[in-house]
Amino acid sequence: MGLESYNLLLVPHDSQVTIEDDIVDYVGGRRISFSKAVETILSIKEIRAYVPPDITASKNAECYYAYSDAKSIVEIEINAGIVEKEGIEEISVRFAVTSNEETFEVAVFISKVLNERLRMKTIDMRLKEEIDLTNDFQIRRSQKAFEQKKRMFYEMYSLPYNCITEPMNCGKAFFEALRGK
């Protein structure tokens, strides 16, 4: 997980997950049809296909989507950017660490929809644990972890807290926008 983003990782509901350092390992779990995952993602209002500016030749553009409105941008990456005929094992739902609270809520909503429709579960990569998105206490813990990472980011770059107010993408696009600040 990059410094610039907050990441919720969705994996099949029946997989066994272990997290050590920043490495997530999961065993078992049924793979999900790529076409079903894409159909489900695109059924969520405001989500469109998206090609990150820093996509490499080894990645497939059809694995990237983004929710975008006037206040929020949430990126979605299927299977770490790789199409596999056996199906998908993971979906990353992520957003810029400078994002507002509404963006966090949008990411949780998207994750809830995908969990329900594709039988997945969510791992908060900052907390390094599975979180139940039907449990308000666990969602609040995740939100506090996001807020803490956001504060640390602003401190690390010696920027005034919340000086970045416009919605931003993750990765290369984020750092290019940051250079302009």
* Structure fact -> With 0.36 nm assigned to each residue of separation and the Cα-Cα distance removed, LEU42 to ALA177 gains 45.9 nm
* Highest-MSF residue in the chain out of ASN60, ASN79, ASN169 [GNM, Cα springs under 10 Å] -> ASN60
* Structure fact -> Full extension between CYS163 and ARG141 adds, at 0.36 nm per residue less the Cα distance, a length in nm of 5.5 nm
* Prolate/oblate/rounded label for the stretch 1-67 (Cα gyration tensor, a/c 1.5) -> oblate
* Asked: Can you give the extra length, in nm with one decimal, that the chain gains between SER35 and ASP54 once fully stretched, where that is 0.36 nm per residue apart less the Cα-Cα distance?
  -> 4.4 nm
* Asked: Using helices alone, what [θ] at 222 nm do you get for the chain, with -39,500 (n - 2.57) per DSSP H run of 4 or more residues, divided over all residues and rounded to the nearest 500?
  -> -10000 deg cm²/dmol
* Asked: Under a 1.4 angstrom probe, counting protein chains only, how are LEU159, LEU8, LEU3, LEU178 ranked by accessible area, largest first?
  -> LEU3, LEU159, LEU178, LEU8
* To do: Run through all the Cα pairs of the chain and give the fraction in each 10 Å bin from 0, expressed as whole percent.
  => 9, 39, 38, 12, 1
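The values are calculated or read from the model by the stated rules, or taken from the named source; none is laboratory data. Just so it is clear, the model here is predicted, and its values are computed rather than measured. The area values use the complete protein model at the heavy-atom level, side chains included, leaving out ligands, DNA and RNA. Shrake-Rupley method; radii C 1.70, N 1.55, O 1.52, S 1.80 Å.
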